[in-house]
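**Student:** For reference, the structure I am asking about is given below.
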Amino acid sequence: MRKYAPVTASLITDLLRHRSRQSSRLLSSTHILDHPSSSSPSPSPSSSLMSSSSNHPLSIATINDKVLKCEYAVRGEIVTLAQKLQEELSVKPGSHPFDEILYCNIGNPQSLGQQPITFFREVLALCDHPAILDKSETQGLFSTDAIARAWQILDQIPGRATGAYSHSQGIKGLRDTIAAGIEARDGYPADPNDFFLTDGASPAVHMMMQLLIRSEGDGILCPIPQYPLYSASIALHGGTLVPYYLDEATGWGLETSELKKQLEAAKSKGINVRALVVINPGNPTGQVLAEDNQRQIVEFCKQEGLVLLADEVYQENIYAPDKKFHSFKKISRSMGYGNEDIALVSFQSVSKGYYGECGKRGGYMEVTGFSPEIREQIYKVASVNLCSNISGQILASLVMNPPKVGDESFESYSAEKDGILSSLERRAKALEDALNSLEGVECNKAEGAMYLFPRIYLPAKAIKAAEAVNTSPDTFYCRRLLNATGIVVVPGSGFGQVPGTWHFRCTILPQEDKIPAIVSRLTEFHKQFMEEFRD
């Protein structure tokens with residue numbers, strides 16, 4: 001029998017941690033990534049550690065290097081540890097100093113107790129099982145407007161078959177509905193043919209990165225901190241992330257002077273910057289851009305010939321009374337710019353907002369300002385995946401066309417929506433106040449989205465302790481927090497941050513009755529941590 005070189009779990013873990021540290025340092029660097037040379041790539045660190053005698057068809061040394069470079073901290077090391085602790089608690093209750101894991105790491109509302117919107121689920125149920133539409137009992141179980149909407153949607157689906165493939169851009173009638181909703185929101189025309197319905201916003205982002213990135217010589221301007229989907233997608237498609245830093249001192253402000261500075265720095269490295277990513281409201285930072293700021297961004301993209309990639313999935317999550325969401329399409333049209341002036345892609349998802357239907361995987365991108373030839377190529381890429389799931393498509397249409405005044409479901413729908421959003425606002429304020437009360441912690445106001453991103457000023461002894469176990473200081477803090485309290489947050493290094501600063505991202509999604517326990521556990525832990533490592 002042929003003998004294979006031993007590949008232990010610990011070896012693979014060490015290799016991935018090595019990669020993770022490399023990626024974190026790269027992402028948090030103020031420098032643009034080095035322009036790739038024409039020389040042959042050097043062997044990866046793992047290849048020198050793996051035995052060349054192994055004949056196994058796949059190993060860490062032989063998989064696509066872009067996969068190794070890809071990192072997604074939202075479901076990274078801390079979450080893996082949390083899942084292990086959860087298993088231990090289920091097998092042996094009382095084995096840890098807490099009785100449950102509190103997942104504050106990801107924007108997954110329904111997993112934390114948020115209830116779905118009744119009208120949306122009624123329509124989905126009826127569409128998926130249309131045989132009950134003609135039954136007399138249905139009238140007593142479902143609202144009349146949900147029944148009417150289900151018939152309307154089914155009439156738009158060939159064969160009324162929600163289990164069949166659809167057009168690769170999505171069902172035409174549903175795109176008509178979404179376009180009408182966009183027109184009502186923005187006050188400017190929307191073309192159903194500009195919409196590509198996708199399984200959440202993430203596949204749409206990947207699709208655009210596939211279109212834009214040809215090699216490491218192509219760069220994408222991304223905010224730092226950023227949602228790790230962007231750094232991961234850029235890495236997977238072989239491009240270069242060009243960071244621009246949000247200003248924490250001004251509430252995570254986006255300055256066009258910073259954009260120009262980083263664009264010029266990238267050009268000096270030989271990087272061809274193709275697009276600008278803007279996340280509004282911000283993730284993980286929670287800021288909501290002002291209209292004047294958005295106009296400056298649109299003008300910057302027009303002057304520099306950049307595609308504007310507008311991540312607008314938190315458009316319903318606005319908590320600051322003096323702030324309002326404005327889409328970048330609305331802003332650009334209000335400036336007199338049309339399809340011939342600026343290339344704009346807007347992303348939306350049914351996973352966020354007040355609906356929180358993450359598992360239904362619904363979303364879309366609106367693509368404007370591209371030539372017919374480029375549109376054909378986007379359609380070709382979309383058609384490779386055949387189509388997005390039909391339930392997600394239906395939900396996307398419902399989100400953009402909810403019950404109206406006079407509909408039977410309007411009052412209950414409005415009560416559910418307002419209740420969720422007002423509760424999120426209260427939770428954000430409670431957690432923000434709690435964080436700001438802690439020694440060495442500063443937290444900007446959450447104007448929108450679903451997260452807080454506090455800065456933690458860690459003692460030198462804590463930083464040295466982190467170095468001693470070969471991890472970043474914010475990861476060290478988050479791991480200690482999890483082991484002591486069961487609270488799961490994400491280290492700031494997974495999102496990028498100004499070098500020498502440390503943060504973590506915490507969702508505001510745990511139900512209100514859980515917030516006091518989170519605040520109490522976090523406060524007690526932080527006091528003990530600061531005492532233990534006080535200089």
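The values are calculated or read from the model by the stated rules, or taken from the named source; none is laboratory data. Since the structure is predicted, the reported quantities are computational estimates derived from the model, not experimental observations. Note that we place each Cβ from the backbone using ideal geometry, even for glycine, and neighbour counts take in every protein chain shown. Surface accessibility is based on the protein's heavy atoms, side chains included, excluding ligands, DNA and RNA. Shrake-Rupley method; radii C 1.70, N 1.55, O 1.52, S 1.80 Å.
**Student:** Any idea which of 330, 324, 261 is in the same structural domain as residue 200 (by the TED database), of a type in the set (Lys, Arg) and touching a helix residue (DSSP H, G or I) at 6+ places or on another chain (Cβ under 7 Å)?
**Tutor:** Answer to the check: 330.
**Student:** I'd like to check something: does the stretch 415-435 contain any residue that is open to solvent by less than 20 Å² (accessible area, probe 1.4 Å) and in contact with a Pro (Cβ under 7 Å, 6 or more places away or on another chain)?
**Tutor:** yes
**Student:** Has the stretch 254-269 got at least one residue that is part of a loop (DSSP other than H, G, I, E, B), in contact (Cβ under 8 Å) with a residue 12 or more places away in the chain and touching a His at 6+ places or on another chain (Cβ under 6 Å)?
**Tutor:** Yes, the stretch 254-269 contains at least one residue that is part of a loop (DSSP other than H, G, I, E, B), in contact (Cβ under 8 Å) with a residue 12 or more places away in the chain and touching a His at 6+ places or on another chain (Cβ under 6 Å).
**Student:** Please go through (1) open to solvent by 10 Å² or more (accessible area, probe 1.4 Å); (2) in contact (Cβ under 8 Å) with a residue 12 or more places away in the chain for residue 467 and return the number of the only condition it doesn't satisfy.
**Tutor:** Condition (2) is where residue 467 drops out.
Condition check ((1) open to solvent by 40 Å² or more (accessible area, probe 1.4 Å); (2) of a type outside the set (Asp, Glu); (3) within 21 Å of residue 390 (Cβ to Cβ)) across all residues:
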{"residue": "101", "(1), (2), (3)": "no, yes, no"}
{"residue": "113", "(1), (2), (3)": "no, yes, no"}
{"residue": "124", "(1), (2), (3)": "no, yes, yes"}
{"residue": "132", "(1), (2), (3)": "no, yes, yes"}
{"residue": "135", "(1), (2), (3)": "yes, yes, no"}
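**Student:** Cβ contacts < 6 Å: first residue under 12 Å from residue 353 (Cα atoms), restricted to the stretch 410-423; second residue modelled with pLDDT under 95, any location; separation 6+ or different chain. Result?
**Tutor:** Going by the 6 Å Cβ cut-off, the qualifying pairs are 417/354; 420/354; 421/354.
**Student:** I would also like to ask the following. Among (1) under 20 Å from residue 286 (Cβ atoms); (2) touching a residue at least 60 places away in the same chain (Cβ under 8 Å); (3) open to solvent by less than 10 Å² (accessible area, probe 1.4 Å); (4) hydrophobic (A, V, I, L, M, F, W, C), where does residue 504 come up short?
**Tutor:** Every listed condition holds for residue 504 apart from (2).
**Student:** Something else about it: Among the numbered criteria (1) surrounded by fewer than 18 Cβ atoms within 10 Å (Cβ to Cβ); (2) in contact with a helix residue (DSSP H, G or I) (Cβ under 8 Å, 6 or more places away or on another chain), which one does residue 339 miss?
**Tutor:** (2)
**Student:** Something else about it: Can you tell me which condition residue 391 does not meet? The list is (1) over 20 Å from the mean Cα position of the chain (by Cα); (2) farther than 30 Å from residue 514 by Cβ; (3) in the same structural domain as residue 156 (by the TED database), and all the others hold.
**Tutor:** The number of the failed condition is (2).
**Student:** Could you say which residue among 124, 174, 133 is in a helix (DSSP H, G or I) and either in contact with a Gly (Cβ under 7 Å, 6 or more places away or on another chain) or in the same structural domain as residue 329 (by the TED database) (or both)?
**Tutor:** Matching residue, one of 124, 174, 133: 174.
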